[in-house]
Amino acid sequence: MTTVLVRPAAGRLVLSPAGQAVPEKFLINPSDPYWARALRDGDVEMADQSDKLVSVVAPEGNVKNA
């Protein structure tokens, strides 16, 4: 599974599939249909990969601090 570091686009409130607000930066699987749509629609954008990871959004949508 490939993961990428993303952040919510400016001015967007992004919710995980479980309905929780996502953190400032988090990892997603871009092949997951939910996150693929969020990327395509501009709700989330790629974050600087050199930044430290903040959180991981699990496939079931739960946010886990890393």
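What follows is calculated from the coordinates using simple rules that are stated; it is not laboratory data. The model shown is predicted, which means the values in this text are computed figures rather than measured ones. All Cβ positions, glycine included, derive from the backbone under ideal geometry; neighbour counts span all protein chains shown.
For segment 1-19, residues that are in contact with a strand residue (DSSP E or B) (Cβ under 7 Å, 6 or more places away or on another chain) and surrounded by 13 or more Cβ atoms within 10 Å (Cβ to Cβ) total 10.
Contact map, segment 13-41: first residue outside any loop (DSSP other than H, G, I, E, B), second residue aliphatic (A, V, I, L, M) and exposed (fewer than 13 other Cβ atoms within 10 Å of the Cβ), Cβ cut-off under 9 Å, separation 6 or more or different chains; pairs are LEU15/ALA21; ALA21/LEU13; PHE26/ALA66; LEU27/ALA66; LEU39/MET46.
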